[in-house]
1. What's the center-to-center distance, using Cα atoms, between the stretch 98-177 and the stretch 19-83 in Å?
2. Of all DSSP beta bridges located in the chain, what percent are antiparallel, nearest 5?
3. Treat the count of other C-beta atoms within 10 Å as a stand-in for reagent exposure and order Leu161, Leu39 from fewest to most.
4. Place +1 on the Cβ of every Lys and Arg and -1 on the Cβ of every Asp and Glu in the chain, take the dipole about the Cα centre, and give the residue among Val168, Thr137, Ala68 whose Cα lies farthest towards its positive end.
5. Could you work out the local net charge near Leu169, counting Lys and Arg as +1, Asp and Glu as -1, over the other residues with Cβ closer than 13 Å to its Cβ?
6. What percent does the relative contact order of the chain come to when contacts are Cα pairs within less than 8 Å and at least six residues apart?
7. Shape of the stretch 2-122 from its Cα gyration tensor (a ≥ b ≥ c, root eigenvalues): rounded if a/c is under 1.5, otherwise prolate when a/b > b/c, or oblate?
8. Send over the per residue convex hull volume for the stretch 125-216, Cα only, as a whole number of Å³.
Amino acid sequence: MHILLVEDDPLLGDGLRAALDKAGFKVIWAKDGGMALNLLQTHDYAAMVLDIGLPVLDGMEVLRQMRAGGNRLPVLMLTARDTTRDKVLALDRGADDYLVKTAEMEELIARVRALVRRSAGGRAGALVVGNLKLDLTAHTVTMDDQAIGLSTCEFAVLRALLEGSGRVLTRSQLEDVLYGWKKNVDSNALEVHIHHLRHKLGQDVIKTVRGIGYTIARPTS
Ligand code: CA
């Protein structure tokens, strides 16, 4: 299974390649954005690990161009800075996931595996629980086939809940989805997004598990 790694830093790239290689992936390494776009034309990959800061074309531009060209390859974006702005921008440009560079390699491997699994399993590119459907490709949410407009953060929270359907997600897991880890965030930001989601989807779609976090309610019928 081939992974396209796009990273200009030789040390970090070497580390990433070694870790992905050890995890059983075959790594093709592009060291600038132009080379990444060329390699996208010539090979098929299971996923792409894309640094934001790159020579020739930066990662955001690579992502923008490939999505504009209709390429739906799952992309894990690497951000140097732990800022919400970078992450939201990456998601807006069509990244499937993002990771701060200070994260552990095991976390990166787990995220890449999840991306590959998701794209292989979710052929329709949709997460469905009961009458609620989240389309990962079109970035839309419908309930009983009625479109529901969500913000980027609301979409990310709902996506995590649907992907973890049947499990309880902790507050910190959901905050990671929004802001990355190893960072203290505004203590009630998550509650605000949950509140808005409940307002839009109905009060009983997301259940609070006291002292732990949240879970998506399984349909009773
Ligand atoms: Ca870089």
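Values in this text are rule-based calculations from the coordinates and carry no lab data. Here the structure is a predicted model, which means the values were calculated and not measured. When we count neighbours, we look across all protein chains shown, and the Cβ atoms used for this are built from the backbone with ideal geometry, even at glycine.
1. Answer, in whole Å: 20.
2. Working: 17 of 34 bridges.
Of all bridge pairs located within the chain, approximately 50 percent are antiparallel.
3. On the way: Leu161 29, Leu39 18.
The order, fewest Cβ neighbours first, is Leu39, Leu161.
4. Farthest along the dipole direction, towards plus: Val168.
5. +1
6. Numbers: 327 pairs, mean separation 29.6, N = 221.
That works out to 13 percent.
7. Values: a/c = 1.13, a/b = 1.07, b/c = 1.06.
Rounded shape, in that the Cα axes give a/c under 1.5.
8. 95 Å³
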